[in-house]
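Chemist: First the structure, which I've put down as structure tokens, then a few questions once you've had a look.
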Number of protein chains: 2
Amino acid sequence: MMPGAAAEGRPTPPSTPEGAVPTVAWKSGDASGIPGAVELLDQTRLPETQVALRCGDVAPLIDAIRRLVVRGAPAIGVAGAYGVVLAAQEAKSPAAFRELCRKLREARPTAVNLAWAVDRTSAADPEGRDPRRLLAAARRIHAEDEAACAAMGRHGATLLREGGTYLTHCNTGRLAATGIGTALGVLVTAHAWGLRPKVYVGEVRPLLQGARLTAFELQERGMDGVLMPDTAAGALLASGRIDGVLVGADRIAANGDTANKIGTYALAELARANGVPFWVVAPTSTIDPSIADGTSIPIEERAPEEVRGWRKEATSPAGFPVWNPAFDVTPARLVSALVTERGVLRPPFELRRTLSNR
Amino acid sequence: MMPGAAAEGRPTPPSTPEGAVPTVAWKSGDASGIPGAVELLDQTRLPETQVALRCGDVAPLIDAIRRLVVRGAPAIGVAGAYGVVLAAQEAKSPAAFRELCRKLREARPTAVNLAWAVDRTSAADPEGRDPRRLLAAARRIHAEDEAACAAMGRHGATLLREGGTYLTHCNTGRLAATGIGTALGVLVTAHAWGLRPKVYVGEVRPLLQGARLTAFELQERGMDGVLMPDTAAGALLASGRIDGVLVGADRIAANGDTANKIGTYALAELARANGVPFWVVAPTSTIDPSIADGTSIPIEERAPEEVRGWRKEATSPAGFPVWNPAFDVTPARLVSALVTERGVLRPPFELRRTLSNR
């Protein structure tokens with residue numbers, strides 16, 4: 001892998017901008033951290049209102065994870081890790097602790113990071129007798145996520161030019177992680193380095209993560225951002241104004257085929273047709289070496305109601321059939337580079353070998 | 001041009017489905033048609049409510065055109081033609097008639113059909129003394145639009161296979177015309193022929209003409225339709241399920257480069273990448289022989305408010321910069337065929353020669 005040589009001595013941006021509400025935080029009145037509570041930036045109320053939701057017990061935290069108060073696999077993982085500390089504070093017996101942890105890890109069964117983080121944290125004290133020990137384990141997971149984001153940001157920012165214009169997709173910033181994020185974290189890093197990136201983002205129907213969350217992050221960091229309808233991406237990429245496309249990933253097959261938020265594949269194809277580089281930014285934990293290529297990645301289809309309207313207002317005829325896939329697969333041949341916390345990988349991708357070179 | 005041989009003896013679908021409110025109609029209690037009023041299907045209330053708005057004078061008709069109660073260039077043209085009859089009924093002098101016609105033709109300055117239809121109708125009786133004569137002229141324009149749509153439908157439907165699955169964009173059906181429309185009219189014709197086309201359509205942010213209008217038309221005709229987020233178009237075209245993409249056009253350059261609703265170019269590029277035919281359906285009046293290629297077609301940018309939210313609800317941070325182009329240009333090299341009322345044209349397109357062969 002290429003070392004991020006140009007990154008040496010350059011500043012690392014803060015995970016949370018000055019004065020903003022962190023995505024996930026552990027709060028306590030005691031210096032030891034115990035007793036304490038999890039505070040989540042309530043993303044269901046963005047971009048209108050920035051307010052923290054305090055969860056002092058496991059039940060409200062599970063509810064918050066289910067309602068997408070916190071979303072993004074790494075952020076959910078860290079919230080779950082702190083949830084294990086809540087479980088230890090609350091449980092009156094080892095059996096009760098284990099039961100709370102079981103419920104917590106199932107709050108969103110598809111988010112693999114949640115189960116992983118709950119299991120790893122609770123392994124530090126399997127009977128839940130010492131919340132301080134569990135808090136230390138949760139904080140390690142939190143710190144590792146921040147460090148991985150910072151490293152991806154440094155490696156990725158070396159690909160960008162001063163004053164360049166970039167397109168990103170969905171939300172892959174601090175609201176999806178506890179660090180600065182993946183693809184958006186690269187742009188945030190470039191901003192901290194004084195490269196003045198201009199960032200276009202589509203709305204990303206149906207859930208509008210681009211309009212609601214990425215635009216919010218660009219605004220709170222004082223970055224130069226432009227929102228457009230998803231339908232405008234083709235015209236933008238054909239305009240010659242875009243220096244690169246940066247996206248995150250939900251799962252990457254051994255050959256580099258990448259599953260990500262619906263709409264990613266179209267951006268990759270349009271970038272290729274117009275000679276624009278297409279970069280995937282994701283930690284190596286996103287690589288699934290058990291999957292040879294993208295044809296084996298299952299694609300979740302979500303509820304038709306997400307497409308039939310916006311919040312409570314219908315925008316289509318009642319009961320009209322809907323196809324609402326949450327992800328699509330971008331073939332590895334369209335990926336110009338894969339940016340991980342360990343450096344920048346170029347095609348052809350042989351990711352099983354990459355992972356074994358730890 | 002290829003004659004629509006396979007179309008002979010096949011049924012022509014009605015412009016308005018049985019029992020539905022017509023897009024534009026002239027209504028009168030008198031057999032002569034005079035006095036009468038224009039009735040418009042209020043498209044601002046679709047898909048929730050199907051109700052006609054009656055305009056007995058020119059002022060409410062102008063207001064309705066401005067508020068997009070009626071939209072789509074051919075439909076606006078026919079509404080304007082009937083508006084000239086209203087002007088003659090209402091005006092107390094030739095000067096007053098001319099003034100009402102002037103205001104009418106400027107209700108939407110960018111819709112070239114409106115000025116053309118007002119001028120052509122009023123030329124039948126320039127002083128506005130004989131509403132019956134003007135009504136006959138307006139009815140000729142209305143009948144010509146219906147006939148052109150029916151012919152495009154017949155020519156285009158010969159391209160489709162029985163039981164095929166197609167993707168369309170925006171709204172190009174009876175709500176955009178007074179006949180069955182252009183691209184959607186082809187699919188409606190195929191349905192009337194018993195070919196059972198399955199029709200996918202994106203929502204088409206920001207104004208949701210796909211979700212609000214095309215889904216409504218598919219439902220009212222009892223056709224097999226599926227709505228998806230605009231972001232899903234790439235995955236759909238990569239899936240192998242689509243037999244062809246059908247779109248309309250706002251303006252076509254002499255070389256075949258086509259300006260159409262934003263998002264069209266992306267569908268063309270994605271169709272090409274996946275081996276799917278891409279068909280443009282438009283009357284020859286859409287061809288602008290004065291424009292050599294797409295680089296000279298001006299692209300209208302619309303208000304940021306259309307993208308910042310849905311109706312009165314904000315979906316992005318207040319004041320965030322927006323890019324909202326209304327159209328994009330699809331290069332002729334991506335167009336598999338151009339379907340007009342005179343037949344099916346194949347590339348290379350030499351449209352100046354086509355127009356001179358009337």
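The values are calculated or read from the model by the stated rules, or taken from the named source; none is laboratory data. The shown structure was predicted, so the numbers you read here are calculated from the model rather than taken from an experiment. All Cβ positions, even for glycine, are placed from backbone atoms using ideal geometry, and neighbour counts span all protein chains on display. The protein model used for the area step is the full one, side chains on, heavy atoms only, and it has no ligands, DNA or RNA in it. Shrake-Rupley method; radii C 1.70, N 1.55, O 1.52, S 1.80 Å.
Chemist: Conditions: (1) within 11 Å of another protein chain (Cβ to nearest Cβ); (2) within 14 Å of B:Gly244 (Cβ to Cβ); (3) open to solvent by 20 Å² or more (accessible area, probe 1.4 Å). B:Thr158 meets all but one. Number of the miss?
Modeler: (1)
Chemist: Scan the helices (runs of 4 or more DSSP H) fully inside region A:112-200 and keep the ones with 1 or more residues being out of contact with any Gly (no Cβ under 9 Å at 6 or more places or on another chain) and on the phi < 0 side of the Ramachandran plot. Walk me through how you get there before you give the answer.
Modeler: Values: elements: A:112-122, A:131-157, A:183-192.
So the answer is A:112-122, A:131-157.
Chemist: Where residues in region A:273-310 are assigned to a helix (DSSP H, G or I), within 14 Å of chain B (Cβ to nearest Cβ) and buried (at least 21 other Cβ atoms within 10 Å of the Cβ), which of them is farthest from the chain's Cα centre (by Cα)?
Modeler: Within region A:273-310, the subset assigned to a helix (DSSP H, G or I) is A:273, A:284-286, A:294-296, A:305-308.
Adding the requirement that they be within 14 Å of chain B (Cβ to nearest Cβ) leaves A:273, A:294-295, A:305-308.
Those still in the list that are buried (at least 21 other Cβ atoms within 10 Å of the Cβ) too: A:294, A:307-308.
Details: A:Gly294: 20, A:Val307: 22, A:Arg308: 26 Å.
Once the filter is applied, the top-ranked residue is A:Arg308.
Chemist: Does B:Pro347 count as part of a loop (DSSP other than H, G, I, E, B) and within 14 Å of chain A (Cβ to nearest Cβ)? Explain how you work it out, then say what you get.
Modeler: Numbers: part of a loop (DSSP other than H, G, I, E, B): yes; within 14 Å of chain A (Cβ to nearest Cβ): no.
No: the conditions fail for B:Pro347.
Chemist: Before we move on, is A:Lys103 in a loop (DSSP other than H, G, I, E, B) and more than 26 Å from A:Thr182 (Cα to Cα)?
Modeler: Against the criterion (in a loop (DSSP other than H, G, I, E, B) and more than 26 Å from A:Thr182 (Cα to Cα)), A:Lys103 does not qualify.
Chemist: In region B:313-329, is there at least one residue being under 24 Å from A:Trp323 (Cβ atoms), touching a Leu at 6+ places or on another chain (Cβ under 6 Å) and open to solvent by 10 Å² or more (accessible area, probe 1.4 Å)?
Modeler: Within region B:313-329, the first condition is being under 24 Å from A:Trp323 (Cβ atoms), and the residues that meet it are B:315, B:328.
Filter again for touching a Leu at 6+ places or on another chain (Cβ under 6 Å), leaving B:315.
Pick out the ones that are also open to solvent by 10 Å² or more (accessible area, probe 1.4 Å) and you get none.
For region B:313-329, residues under 24 Å from A:Trp323 (Cβ atoms), touching a Leu at 6+ places or on another chain (Cβ under 6 Å) and open to solvent by 10 Å² or more (accessible area, probe 1.4 Å): absent.
Chemist: Filter region A:311-343 for residues that are without any contact (Cβ under 8 Å) to a residue 60 or more places away in the chain and either part of a strand (DSSP E or B) or at the interface with chain B (Cβ under 9 Å from one of its Cβ atoms) (or both) and give the result.
Modeler: A:Arg311, A:Glu313, A:Ala314, A:Thr315, A:Ser316, A:Pro317, A:Ala318, A:Gly319, A:Phe320, A:Pro321, A:Val322, A:Trp323 - these are the residues of region A:311-343 that are without any contact (Cβ under 8 Å) to a residue 60 or more places away in the chain and either part of a strand (DSSP E or B) or at the interface with chain B (Cβ under 9 Å from one of its Cβ atoms) (or both).
Chemist: Kindly indicate whether any position in region B:29-40 is part of a helix (DSSP H, G or I) and hydroxyl-bearing (Ser, Thr, Tyr). Outline the logic, then answer.
Modeler: Narrowing region B:29-40 to residues part of a helix (DSSP H, G or I): none.
No: zero hits.
Chemist: Suppose we filter A:Ala148, A:Ala143, A:Ala190, A:Ala176 for residues that are open to solvent by 30 Å² or more (accessible area, probe 1.4 Å) and among the aliphatic types (A, V, I, L, M); which single one remains? Even if it seems obvious, please write down each step before you answer.
Modeler: Values: A:Ala148 fails: open to solvent by 30 Å² or more (accessible area, probe 1.4 Å); A:Ala190 fails: open to solvent by 30 Å² or more (accessible area, probe 1.4 Å); A:Ala176 fails: open to solvent by 30 Å² or more (accessible area, probe 1.4 Å).
Result of the check over A:Ala148, A:Ala143, A:Ala190, A:Ala176: A:Ala143.
Chemist: Residues in region A:207-223 that are open to solvent by 10 Å² or more (accessible area, probe 1.4 Å) and within 7 Å of another protein chain (Cβ to nearest Cβ): how many?
Modeler: So in region A:207-223, the residues open to solvent by 10 Å² or more (accessible area, probe 1.4 Å) come out as A:207, A:209, A:212, A:216, A:219-223.
This time we only want the ones that are within 7 Å of another protein chain (Cβ to nearest Cβ), so: A:212, A:216, A:219.
Residues meeting the conditions: 3.
Chemist: Starting from residues that are in contact with a Leu (Cβ under 7 Å, 6 or more places away or on another chain) and within 14 Å of another protein chain (Cβ to nearest Cβ), keep the ones in region B:6-49 and report whichever is surrounded by the fewest Cβ atoms within 10 Å (Cβ to Cβ).
Modeler: Among those residues, the one meeting the criterion is B:Thr44.
Chemist: Next question. Working only within region B:224-259, note down all residues that are open to solvent by 10 Å² or more (accessible area, probe 1.4 Å) and assigned to a strand (DSSP E or B).
Modeler: Hits for region B:224-259 are B:Asp224, B:Val226, B:Arg251.
Chemist: Could you figure out which of (1) within 14 Å of another protein chain (Cβ to nearest Cβ); (2) at negative phi isn't true of B:Gly263?
Modeler: (2)
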